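Read through the structure below, which is laid out as structure tokens, and then see the notes.
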């Protein structure tokens with residue numbers, strides 16, 4: 001499955017970067033969202049994936065039964081998802097505010113600091 | 001030992017406070033420091049003269065073979081004595097010279113720091129420590145040349161000196177690292193034992209060239225000599241000390257220090273003899289063209305530095321003796337002459353020797369001392385300068401390479417230096433009294449003490465060479481040569497070739513002095529050629545540097561974020577891609593283990609991401625972003641990460657709501673870029689995506705470190721009492737990380753709240769108090785309209801002048 005995931009990650013990155021290179025600030029935000037999804041999947045895929053073996057310990061046992069998926073990348077991704085949401089919320093409100101002040105959603109019109 | 005020397009830094013730190021108390025008399029107080037060091041160094045003299053050495057071990061960074069070990073042998077002792085001895089008088093002298101200067105305290109801070117750095121340089125046994133002190137002398141020299149920081153010329157000269165010496169310093173560092181690599185140690189004493197190994201190593205020549213680049217720039221060898229005369233913008237005590245007696249000799253010191261280990265090869269002899277001799281000639285020639293007394297002396301210093309380098313290149317036993325004698329003689333007379341030149345400048349108000357004359361009655365002591373020091377510079381018996389010059393001629397006529405060239409250059413240079421000596425030391429005092437900007441009178445005691453003592457030493461070492469001269473020269477020469485050299489100096493060597501050369505140069509020198517004015521005007525046609533010299537090259541290089549900085553800033557940092565992004569991505573792709581291809585081999589896992597529903601989800605993910613990119617409807621984009629998010633969540637759930645799936649679904653739902661709420665207050669998508677730009681961006685995005693795919697493929701196979709997950713899985717229940725291992729990691733193993741995450745979210749929430757809630761421009765009545773928190777106090781509601789009006793006008797202006805028609809339309813639509 002990993003090669004498929006690798007290709008998916010590559011396409012997600014490409015589309016994220018393409019969107020981040022747009023002049024429209026809304027597209028930039030969409031690019032950021034795609035980028036965070038791409039990064040999460042990258043960590044997930046790079047660690048190797050397994051079907052149907054969540055890192056859980058059955059009741060009464062000290063160790064999980066058999067081989068389970070690597071819990072560490074999952075914990076990292078969990079943190080990343082939440083942080084990405086915080087960043088996104090901030091960015092969305094920021095561009096909204098910037099639009100109100102500058103009256104444009106074109107990044108090329110936001111080069112000055114005095115508006 | 002280390003403490004005694006380095007305590008000078010402490011003294012320097014206290015100096016501003018002390019100078020507030022003692023005013024201009026502080027020079028006498030501070031001079032106690034180098035004076036006591038001089039006494040301490042003198043205490044080592046008998047030991048060193050007997051042929052032994054003293055080592056003071058002190059480990060500094062032992063793990064990197066860097067120590068603060070000090071080492072005293074004939075060479076370092078000779079230098080240490082010159083630095084602390086002359087330094088004593090310079091500190092006293094500066095008190096008189098800069099009397100009443102508002103920045104006297106600052107001057108002494110830098111001067112003391114320099115003195116300590118210079119002592120550290122000559123005493124250090126470790127290459128890296130030596131380099132640190134070396135750079136410290138460059139930096140303090142920079143600050144001292146630019147001491148009159150209100151003068152643009154001084155600042156320019158300071159920068160020039162810094163760039164030339166520090167540029168050379170970089171090469172020197174490279175050379176030192178190579179040397180240590182070849183010899184297997186950073187300790188100079190250990191390296192000098194490995195002479196044969198070093199000389200026969202394949203990297204000998206590049207290493208030598210790197211080290212010489214450092215020493216030649218520092219010691220103002222041709223073609224890097226131009227910074228030294230410009231450094232005369234510094235106050236005279238600085239010129240006398242740094243740019244004549246001590247710092248500029250650091251390069252010569254290092255060459256002499258390394259001579260037993262590196263010297264004697266064909267490359268060494270040729271390079272040093274040639275550059276030394278040419279520098280000697282160029283220095284003397286440029287000196288004779290100058291009329292500024294400090295420039296005259298500066299160029300004659302260049303000449304002396306060239307002579308010393310040449311002698312190191314010749315490398316015979318005689319040359320070693322000549323080197324040590326010439327070094328000592330030069331420091332004594334040049335220090336004295338510089339201080340006297342400063343006294344002349346100070347008391348008459350001019351540095352131009354052509355307007356000075358007849359001062360012998362007004363300044364009798366200065367005249368007498370000048371004469372003695374000048375005679376030593378000219379190499380006239382019975383001064384010590386004569387002894388040194390005779391030795392130099394003896395060494396030159398037995399030079400192993402380029403003999404005739406070296407003899408010719410040495411002879412002409414010495415002729416011209418005799419004229420320079422007469423111009424500097426004789427001309428201002430003889431003939432009729434000429435009018436000067438200030439009414440001349442004798443200099444104060446503080447400014448005469450140094451020259452008197454140094455000139456007396458010149459005379460004494462010459463008349464009574466057995467007194468201390470022989471011993472110092474013997475110790476120095478033995479250390480430079482690397483084997484014991486028996487020295488017994490004497491004034492009279494019998495009728496021989498060197499005496500004849502001295503005699504001829506004296507006659508011709510006197511003739512040049514007599515016809516100096518017409519000689520200078522004859523030389524004037526050469527001016528355009530000299531203007532194209534190495535200094536012009538320096539300016540060209542600086543212009544080129546500015547041009548390059550300007551060019552690369554324009555190309556790489558044009559202020560557009562998207563451009564930065566492209567540059568960063570392409571650099572990333574180039575570097576990472578290269579490493580990937582060069583180091584790793586890609587293995588294709590074509591035996592795919594894929595189920596249909598997984599494939600469908602992957603396809604859905606990719607398709608919706610592409611739709612989000614290319615749709616022209618905002619709703620379409622938001623909806624497809626939702627599909628992307630939920631597909632990722634499904635992926636997580638399918639591949640054993642239920643926690644991630646739950647979080648992703650939650651977050652994705654919130655995200656879609658947020659986007660719907662906010663994005664629809666913004667204008668719709670319009671096409672802002674041309675097809676060409678789109679194609680370029682697709683290209684950049686495409687190759688980055690391909691690289692990311694390859695990276696993932698390779699990381700699946702490569703494991704750099706053993707995973708630490710095993711520990712976490714094993715101890716989750718026994719130690720942390722949790723059955724969901726991911727959760728245990730978050731709240732237990734990496735709890736601090738999670739705490740940080742909570743802070744980040746809280747900050748983001750506060751930012752969002754502030755931006756939504758505090759809205760003075762559109763809703764001033766609701767939040768008066770909150771509004772004033774963000775806006776500066778002067779923008780209060782009554783003035784608000786003006787502010788808004790101005791803003792609109794500004795916006796209109798910028799649109800009219802700068803932007804394209806399509807974006808203008810776009811903005812209007814936004815307004816509507």
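Read-outs: derived from the displayed coordinates by stated rules, not from any lab. These figures come from a predicted structure and were not determined experimentally. Ideal geometry is used to build each Cβ from the backbone, glycine not excepted, and the neighbour counts take in all protein chains shown.
The table for this structure:
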{"item": "Difference of contour (0.36 nm per residue) and Cα-Cα distance, residue B:2 to residue B:731", "result": "257.2 nm"}
{"item": "Fewest-first sequence of B:643, B:153 by Cβ atoms within 10 Å of each Cβ", "result": "B:153, B:643"}
{"item": "Rg(Cα) / (2.2 N^0.38 Å) computed for segment B:630-701, rounded to two decimals", "result": "1.59"}
{"item": "Relative contact order, percent, segment B:542-627 [alpha-carbon distance under 8 Å, six or more residues apart]", "result": "14 percent"}
{"item": "In nm, spacing of pseudo-spin labels at residue B:704 and residue B:571 (7 Å Cα→C-beta vector)", "result": "2.0 nm"}
{"item": "Proxy reagent accessibility, fewest Cβ within 10 Å first, across B:515, B:333, B:253, B:142", "result": "B:515, B:142, B:253, B:333"}
{"item": "Stretch gain in nm, segment residue B:540-residue B:152, where the contour uses 0.36 nm per residue and the Cα spacing is subtracted", "result": "137.8 nm"}
{"item": "Shape of segment B:320-457, Cα gyration tensor, a/c cut at 1.5", "result": "prolate"}
{"item": "Order by protection proxy (mean Cβ within 10 Å, highest first), peptides B:270-283, B:688-701, B:187-200", "result": "B:270-283, B:688-701, B:187-200"}
{"item": "Neighbour-count order for A:43, B:288, fewest beta carbons within 10 angstrom listed first", "result": "A:43, B:288"}
{"item": "Global geometry of segment B:72-183, whether rounded, prolate or oblate, following the gyration tensor of its Cα atoms and the 1.5 cut on a/c", "result": "oblate"}
{"item": "Structure-based [θ]222 nm, the protein assembly as shown - -39500 (n - 2.57) summed over DSSP H runs of at least 4, per residue, nearest 500", "result": "-23500 deg cm²/dmol"}
{"item": "Rg in Å to one decimal, and Dmax rounded to a whole Å, for chain B via C-alpha atoms", "result": "37.2, 111"}
{"item": "With Cα atoms, 0 to 90° folded angle of helix B:384-396 axis to chain B main axis", "result": "70 degrees"}
{"item": "Inter-probe distance in nm under a simple model that places probes 7 Å from Cα toward Cβ, at residue B:40 and residue B:680", "result": "6.5 nm"}
{"item": "Degrees separating the helix B:317-348 axis from the principal Cα axis of chain B, which is the longest one", "result": "90 degrees"}
{"item": "Paramagnetic reach from residue B:506 (point 7 Å along Cα→Cβ, amide N under 20 Å) across segment B:408-430", "result": "B:410-427"}
{"item": "Coarse-grained scattering of segment B:466-520 at q = 0.14, 0.22, 0.23, 0.26 Å⁻¹, given as base-10 log I(q)/I(0) from a Debye sum over alpha-carbon atoms", "result": "-0.63, -0.84, -0.86, -0.94"}
{"item": "Cα→Cβ-extended label distance, 7 Å offset, between residue B:267 and residue B:671, nm", "result": "6.4 nm"}
{"item": "Folded to 0 to 90 degrees: helix B:534-556 orientation relative to chain B principal axis, Cα", "result": "10 degrees"}
{"item": "Mean separation of Cα contacts under 8 Å (6+ apart) over length of segment B:446-570, as relative contact order %", "result": "12 percent"}
{"item": "The protein assembly as shown - Kirkwood radius from inverse mean 1/r over Cα pairs (Å)", "result": "33.8 Å"}
{"item": "FRET efficiency estimate (nearest 0.05) - Cβ-Cβ, residue B:103 to residue B:439, R0 30 angstrom", "result": "0.65"}
{"item": "Most fluctuating residue given options A:56, A:21, A:78, as computed from a GNM of chain A linking Cα atoms under 10 Å", "result": "A:56"}
{"item": "Mean Cα-pair separation over length for chain B, i.e. relative contact order, pairs under 8 Å, 6 or more apart, %", "result": "9 percent"}
{"item": "Prolate/oblate/rounded call for segment B:475-588, Cα gyration tensor, a/c under 1.5 rounded", "result": "oblate"}
